[in-house]
Each structure stands twice: as structure tokens, then as C-alpha cells.
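What follows is a single structure, written as C-alpha cells, with notes after it.
Only the coordinates and a few stated rules stand behind these numbers; no lab work does. Owing to the predicted nature of the structure, the values given are computational and were not obtained by experimental measurement. Every residue, glycine among them, receives a Cβ derived from its backbone with ideal geometry; neighbour counts consider all protein chains shown.
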Amino acid sequence: MNQNTMTQPGAPSHSTYGIRLESVTLKRGDRVVFEQLTLHLTQSRIGLIGDNGAGKSSLFRLICGLDQPQTGRVTVHGSDTAHAADRRTLPRKVGLMFQNPDDQIIFPTVAEELAFSLTAAGTEKKQAREQALAFLAERHRANWAPRAIGELSQGQRQQVCLMALQITHPTTLLLDEPYSSLDIPSQLRLSAQIRATDQQIILSTHLLEHVQDFERVLWLDNGVLRGDGPGREVCAAYAADVRERCVADMIVQDTAVTDGALLKQVADA
Ligand SMILES: Nc1ncnc2c1ncn2[C@@H]1O[C@H](COP(=O)(O)OP(=O)(O)OP(=O)(O)O)[C@@H](O)[C@H]1O
């Protein structure tokens, strides 16, 4: 997908397409997470990488309007997240899959959770329930409809979160470490869905192989944009930096960094 091929009903026009952060400063608690951060995100596949605490989840919270910056402005496909009227349009424009499903899920059963996504985006209650059941059936998950969320595994809850976003088909999906609890078939399914969708995807991960083929990857380092460019280049630069730090800290020996996918990438950097 690119911005010229978007055909979603209600999709923003070409001129308003994209997510803009303009000179954004964000404080969380006593900590300044971002200072004067400016970004314009228009690419269809964007990866977000960086160490723990770098600011990946904070960036997502800003984009979907959960947090407001102390200074600066955030607009999502033309909607200013600081304006109440604009905020009502956000569920159609952007959806966030939280890192922890328990931060996202509100309702006791799977069908209710999916139906809620639709009612929040303006669908009438009865129709929302019918659509939720049909959506589950299409995904061979009809038997999940009455299941209590509290009785699902972590990975199953993550799948419910993903479906609750996909059912409204927002223009942009923000996926915060979406692979972390999924079994291998579900990871493959998610990768295939990401490849196939016409939605804009912004995905944070510690597993570089999930984003290294992306058109654009942002590397956040302590709230600062340390890298921004094609996935392969930015992932390689981050991996080289990790390797250097690990060797300096004697976490790994120079010649011993060969095990596992992540360490392999670091070793190859
Ligand atoms: N609820 C909170 N209150 C105060 N500070 C917070 C809160 N959540 C995060 N922070 C701080 O904000 C900064 C960025 O955290 P954030 O969760 O955005 O990082 P991250 O890159 O998503 O990390 P991870 O890879 O561990 O998920 C960190 O310094 C963190 O301590």
C-alpha cells in the first residue's frame, strides 16, 4: 500500500494522510521522555526499535491520544489528538495493540470485547454483536465468542486484542511488541496479515527480523531519534551498537556472539 492507493471508506484524503509530531515534549511522572521530537510518519510499514525504556510505548500512547504532550502537537491523519471533537474520530484512524493485553481488554467475554470496538467507532449495539460473531466465524474462532477473557492464556488474549483492532479496520495499526506471547502459528499468521493489509502498520519489537525489511525503521535511544531510514540500515546500526555495548560491558566475548537469532544479528553487524 502507499498513500495513493488507499481506498478505505472514510479514509483521510491524501493531503491529511500521515501522523505528525511537531516539537513534542512529553513528561511521564518526573521523567522527560521526549524533548522537541518532530516526526512525520507516512510510510505503510514502520518499525520501532530501541532498548527497554527508550520511549516506544510512550510514542504509541501519544499517537493514539492516550497521553497529551506538555508542548507541541500530534495529528493523526488530520485529527489533532488534543481536540475533543477530533478525538472522537480517532478510533477509525488509529488503533493500538497494547504490549500487555490486560491494559486493553475491558469486557468479560471475547464477543463483547470485539463488539465494543465497533460500538466505540459508531456501530449500533445489535449490529456490532452480529458483526463480532461473523468476524470470529471468518477466522475459525466462532467457539471463542462466549469465552471468558479471564480464562484465556496470555497469547490468546493478545490475539483477542489484535482482532478487536482489526474488526474496525482503522487506517493505522500501532502494534506494541505484538509477537511477544504468540505461538509460532499465530506469529506466522500475524506476519502474513501484516504483509497483506492495506493499513499503515507501525510495529515496535526487540526482534529485529520482524522489521528489518520494513521501508522505514526508527531507532529510539532514551527518547532521542538515533536512527531513521530503511529497515536493513537502521537495524544493522542498532545491532552494531548493541554489540559494542555488550562487548564493552563484557556481557559477551567478542568471538562468542553466535547463538540465537538476536545474537546472530548482533554478531553479523
Ligand atoms: N507510567 C509511567 N509513569 C512514569 N514514567 C513512565 C511510565 N511508563 C513509562 N515511563 C518511563 O518512560 C520512559 C519510556 O518508557 P516506554 O515504556 O515508552 O519505553 P519502551 O521503549 O516502550 O520500553 P520497553 O522496551 O521496555 O517496552 C522510561 O524512562 C520509563 O521509565
For the stretch 54-71, list residues with backbone N below 11 Å from a point placed 7 Å from the Cα of T25 toward its Cβ? 70-71
Ranked by Cβ crowding within 10 angstrom, fewest neighbours first, how are S204, S180 ordered? S180, S204
I want to verify a result. In a Gaussian network model of the chain, Cα cutoff 10 Å, which of these has the top mean-square fluctuation: I184, I19, I105? I184
Calculate the FRET efficiency for S191 and T119 from the Cβ-Cβ distance with a Förster distance of 30 Å, rounded to the nearest 0.05. 0.50
Check cross-link reach from K93 to the aspartates and glutamates: straight Cα distance under 12 Å, and skip same-chain residues fewer than eight apart. D80
Starting from the Kirkwood Rh over alpha-carbon pairs, what translational D in µm² s⁻¹ does the chain have by Stokes-Einstein at 4 °C and 1.567 mPa s? 66
Looking at the stretch 92-174, which GluC sites (Glu not before Pro) are in a loop (DSSP not H, G, I, E or B) and have at most 12 other Cβ atoms within 10 Å? E124
Likely footprinting exposure, S57, S23, fewest C-beta neighbours within 10 Å first: S23, S57
Scanning the chain for helices, which whole DSSP H stretches are 15 Å or more long along the axis (Cα) and average 0.5 or more by Kyte-Doolittle? 110-120
